[in-house]
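Take a look at the structure set out below.
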């Protein structure tokens, strides 16, 4: 006997694309963060924007929460199903609708895999810049929801810098268009508001992406250090010199071991810290920059230095780096991927502090990070079969995140708040900031059905009765006059 | 991933291997784009990650086997996911062990059972298969009256079988003798393409190796193993364990499916009295391309005119055995041969052992897509190292342009043989 809600969905979807049986539901109960599991009441597999819109309207009418999911790679539990809710799986909406090499833009459906945009643009000498490590799997829709970054965001910025326009369906089923085909817009930056909203404002149906010219040359180097701090300090020096490489990444010994075992990029296995720096651009400029970079690196005293001699070696270096998270699965049955930010100047200090915490707790921590951005990814290793191990690992993860806040950084660089960090958000923001966020959320999704419980914890909402004057206004610090 | 599998309750010698594979998976999803069924069907249950979750559910006794079975049956076992997996999940070991573990507990529709039985009782036995193929040819005109799986099987029956050829038990090395090898003669291939074995023997002999083909060999059991019939697989494999002389440099196989199957013997025989013997044989087996690449090949004669060749990676060679560069290096040694890469080459052609009989729809989609990619290259020949892929790709190339002469499909070693013989 179908529930009335499922019966309504079955008017939209044929049986094969409306999953309500156990095997279908358990397959969607986790995303890339398996510490959380929740079985949805149904999974739908839309193949057109119209189906998505009708589904959202159906949810709105029946007060059923929904979460949109691409390929389920979120590391913060962003696409974890919501209790008594449905999953709208967008992965079949994977068409590139238009690619305009003259205007340098692509209009895509949200289920397109990130790397496929670059593949499609390659023949025009263009690329899509944001390159999360999971770029061969993760979808543009998910990138939009979490404002994803990646190694090359150091130079080019995050996803929000590369989205020109959006067609969206709001949680109440209304369809809207934000932005357009130009970076400049006369309206408030609605696109900027939607990108990174973690699914709380609805679902993107069509996305206009900015493409950039493929750099003429790349020069990629690896340098190994005897201490992690030395690698971190080298990064601070490079930044301070005014050079802006395309990417600067650091891996510690555990992640080097794991990635080498997975991909064999030729990383030095005895390094305490491996620094990867990539310069890119026009040949003459890159050659000049390389001279400066070489001098800076020499001064930082690495014991190993190697430049990728061809495209294959470069690709291997990056493949190793981008496989690091998953490769750590070789070292430990379970781990928590953390994502925090510290000011770049305090990178070395933060790393030492993390190492100290790791020793103190007796828990191994592997470190992989976008050093140029100060974006840390400590991987906290534990064995879920041991009683209390997850809890203990979570305690350490919490201390690392608090460290990031204390250092003047952020609780997330690119993985988002999702389920994982929602309790830390109020530690980073003032109650008044939190309250503003809740107000915006309520205005856009008054019935609280779009990915509820992610990012903003419902139970912890500050009293909304205080709407009116901003607390700072009340305190006389700011005024509207 | 965390699991709550009660290893003792499962009680199979492969339980540890299954639990280990499940706990190694971190659910990152890197396998999704590498999975042919996820590409075609676009749902999580038909992805490697999803299937691991389903197997976990069944092993934890949280999910009824019947719920998981359709999705596990749809897995090609191509192991594209293993190549893509950064965590090193031994998916193949998990899948074979799981299929073996659940073989007796599962229910299949009668037509599927019949097709499965017909395949498993004929393919491994060259004489039976020869008769079955002849019967099948007679039945072709009335294929429409049979249920789908059997119709699919008839569709694969070749319209003409090559004459059977007897393999010499011993072929001496030509020129300076460099060593001696054994040849695993295989089953299906002996009937469908006896020339592959003959070419292998000639190329090995040309390169200074004595070639032994011991009498009494049977199927290596790989086909049964990969569909979960572990008992049958062990029975077939046991026949070959004692046949090869001890002083060989290697035992050569020229079918990727067989090579990968034999290399898994240690797991298949785990806990069996024959385990040590089986593991020993497994260690001696090498694919013909792997072996020829490890020796210095006698130089090949230049071709009369340039030959453009696409090399197709058989999944059981590339993903299961990690052999991708060796065959390419061999082919490049033929002067005048230009090697081309097939777009999306890492995706399975849909042959996958008996998959094209058991899941004809998905197999057709993959086969058509592979044929289109090959045809887009404008090559003279397509080369590969597995008889299953050869049958599948030949069929789909022919279907693509029924009115034209299809691109010839050859085994890597057949191309080498022709180059040596200047054909």
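Values quoted throughout were computed directly from the atomic coordinates according to the rules given, and no laboratory measurement underlies them. What you see is a predicted model, and the numbers here were worked out from it, not measured in a lab. FYI the Cβ positions are ideal-geometry reconstructions off the backbone, even for glycines, and counts take in every protein chain you see.
Structure notes:
- Counting DSSP beta bridges with both ends in the protein assembly as shown, the antiparallel % (nearest 5): 65 percent
- The helix-based estimate of mean residue ellipticity at 222 nm for chain A, built from -39,500 (n - 2.57) per DSSP H run of four or more residues and divided by its residue count, is -10500 deg cm²/dmol to the nearest 500.
- Förster radius 51 Å - calculated FRET efficiency between residue A:100 and residue B:403 (Cβ-Cβ, nearest 0.05): 0.85
- Per residue of peptide A:391-397, the mean number of Cβ atoms on other chains within 10 Å of the residue Cβ is 0.
- Neighbour-count order for B:78, A:223, fewest beta carbons within 10 angstrom listed first: A:223, B:78
- On Cα atoms only, tilt of B:48-59 relative to the major axis of chain B in degrees: 50 degrees
- Value of relative contact order over chain A, rounded to a whole percent, pairs C-alpha under 8 Å and six or more apart: 14 percent
- Alpha-carbon centroids, the stretch B:175-221 and the stretch B:61-140: separation in whole Å: 28 Å
- Alpha-carbon centroids, the stretch A:239-267 and the stretch B:275-291: separation in whole Å: 38 Å
- Cα principal axis extents for chain A, largest first, Å: 68, 60, 53
- Pairs of Cα atoms nearer than 8 Å and 6+ residues apart set the relative contact order; for the stretch B:307-420 it is 31 percent.
- Taking the fewest neighbouring Cβ atoms within 10 Å as the starting point, the ordered list for A:236, A:30, B:294 is B:294, A:236, A:30.
- Residue order, fewest to most surrounding Cβ atoms within 10 angstrom, among A:36, B:244, B:125: A:36, B:125, B:244
- Shown is the FRET efficiency for residue A:391 and residue B:177, computed with R0 = 60 Å from the Cβ-Cβ distance and rounded to the nearest 0.05: 0.35.
- Cα→Cβ-extended label distance, 7 Å offset, between residue A:216 and residue B:131, nm: 7.4 nm
- Label point 7 Å beyond Cα of residue B:421 along Cβ direction - residues of the stretch B:185-226 with amide nitrogen under 13 Å: B:194-204, B:206
- Degrees, to the nearest 10: A:389-406 long Cα axis against longest axis of chain A: 80 degrees
- One Cα centroid belongs to the stretch A:196-236, the other to the stretch B:344-423; the line between them spans 40 Å.
- Directionally averaged projected area (the protein assembly as shown, Cα convex hull): 41.5 nm².
- Hull-based mean projected area of chain B, where the convex hull spans the alpha carbons, in square nanometres: 19.9 nm²
- Site pair residue A:292 and residue A:182 shows an inter-label distance of 3.3 nm when each label is modelled 7 Å from Cα along Cα→Cβ.
- The C-alpha atoms of chain A define a longest principal axis, and helix A:49-62 lies at about 60 degrees to it.
- As a rough guide to protection, the peptides B:180-190, B:249-259 ranked by mean Cβ packing within 10 Å, highest first, stand as B:249-259, B:180-190.
- From helices alone, chain B scores -14000 deg cm²/dmol at 222 nm; the rule is -39500 (n - 2.57) for each run of n ≥ 4 DSSP H residues, then divide by the residue total.
- Extension gain, residue B:279 back to residue B:169 (0.36 nm per residue minus Cα-Cα distance, nm): 37.1 nm
- Relative contact order for the stretch A:94-213: 30 percent, from Cα pairs under 8 Å spaced at least 6 residues apart, divided by residue count.
- Residues residue A:442 and residue A:7, FRET efficiency given R0 of 41 Å [Cβ-Cβ distance, rounded to 0.05]: 0.85
- 10 Å Cβ neighbours from other chains, averaged over peptide A:130-136: 2
- Beta bridges per DSSP with both ends in chain B, % antiparallel, nearest 5: 10 percent
- If the convex hull is drawn through the Cα atoms of the stretch A:4-91, its volume per residue in Å³: 84 Å³
- Averaged over peptide B:30-37, the number of partner chain Cβ atoms lying within 10 Å of each residue's Cβ comes to 4.
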